[in-house]
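Just dropping this structure here.
Since every read-out is calculated from the coordinates, none of them should be taken as a lab result. This one's a predicted model, so the numbers in the text were calculated from it and none came from an experiment. Note: ideal-geometry Cβ built from the backbone for every residue, glycine included; neighbour counts use all protein chains shown.
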Amino acid sequence: MKVEDVARRKLVTCRIDDDVPFVAKLMVEEEVGSVFVEDRSGKIVGLITDGQIFRLVAQRQNPENVKAGDIMVREVYTIDKDATLTDAWKLFQSTGVKRLAVTDKGRIIGVLSRKMVQRIMKYEKATTLTQS
């Protein structure tokens, strides 16, 4: 199975200077757990996950005073849409990230979550065992 078969194609973005409440609202409205961050020219420069917002709130910081650029992860790991889920799992394991940006000819077209790959691999393993 390839990455493009299971990746979420909906690319949700925010601007680097958007405040955290705006980003959180965007995540809820779009039903996503991560948002790519664009600079003023539209180039993707980072990623914000729901976990980063949870940590901010847990630290009792005022989210209205925090911008997307302040909490985003700047190192966005990518994987080609034609890579296998095994390749994706190896990248998740080696980097420790929970989401990968899916690319097509170097352009980000979607996102792949570690949780989704884990579920599919468990299902495939269980299916293989029951067919043996």
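³J(HN,Hα) across the stretch 79-84 via Karplus (A = 6.51, B = -1.76, C = 1.60, θ = phi - 60°), whole Hz, x for Gly/Pro?
Values per residue, Gly and Pro as x: 9, 5, 4, 8, 5, 7 Hz.
Give the calculated FRET efficiency between Gln59 and Asp5 to the nearest 0.05, with a Förster radius of 41 Å applied to their Cβ-Cβ distance. All intermediate terms of the calculation are to be shown ahead of the outcome.
Details: r = 38 Å, r/R0 = 0.93.
The value I calculate is 0.60.
Build a GNM of the chain with springs between Cα atoms under 10 Å: which of Thr13, Thr78, Thr95 gets the top mean-square fluctuation?
Thr95
Among the listed pairs Lys10/Lys43; Lys43/Lys115; Lys25/Lys81; Lys25/Lys115, which are separated by more than 24 Å between their Cα atoms? Show your work: numbers first, answer last.
Values: Lys10/Lys43 17 Å; Lys43/Lys115 27 Å; Lys25/Lys81 28 Å; Lys25/Lys115 22 Å.
From Lys10/Lys43; Lys43/Lys115; Lys25/Lys81; Lys25/Lys115, over 24 Å: Lys43/Lys115; Lys25/Lys81.
Put a dot 7 Å past each Cα toward the Cβ at Asp87 and Asp50; how far apart are the dots in nm?
Distance between the two pseudo-spin positions: 2.9 nm.
Give the percent of DSSP beta bridges with both residues in the chain that are antiparallel, rounded to the nearest 5.
So the antiparallel bridges in the chain amount to around 70 percent.
Now for a separate question. Quick one: longest stretch of the chain between exposed loop GluC sites (Glu not before Pro), exposed meaning at most 16 other C-beta atoms within 10 Å and loop per DSSP? Walk me through the numbers before you get to the answer.
Numbers: sites that count: Glu31, Glu75.
It runs 76-132.
Once you treat every alpha carbon in the stretch 27-132 as an equal point and sum by Debye, what is log10 I(q)/I(0) at q = 0.14 Å⁻¹?
Scattering profile of the stretch 27-132, log10 relative to I(0): -0.65.
Please state the charge dipole magnitude for the chain, taken about the Cα centre, from unit charges on C-beta atoms (+1 on K and R, -1 on D and E), reported in debye and rounded to the nearest 20. Mind showing how you got there, number by number?
Working: 23 positive and 19 negative charges, 78 e Å.
The calculation lands at about 380 debye.
Compute a Gaussian network model of the chain, connecting alpha carbons closer than 10 Å, and tell me which residue from Met121, Met27, Met72 fluctuates the most.
Highest fluctuation of the listed residues: Met121.
How high is the FRET efficiency from Arg107 to Lys25, r the C-beta distance, R0 22 Å, rounded to 0.05?
Values: r = 27 Å, r/R0 = 1.22.
Efficiency for this residue pair is about 0.25.
Hey, another quick one. What 222 nm value per residue comes from the helices of the chain, counting each DSSP H run with n ≥ 4 as -39,500 (n - 2.57) and dividing by all residues, nearest 500 deg cm²/dmol? Write out the running numbers ahead of the final one.
Working: 6 runs with 57 residues, N = 132.
Helix-only estimate at 222 nm: -12500 deg cm²/dmol.
Can I ask one more? Which one of Ala58, Ser41, Val6 is farthest out on the positive end of the charge dipole of the chain, using unit charges on Cβ (Lys, Arg +1; Asp, Glu -1) and the Cα centre as origin?
Val6
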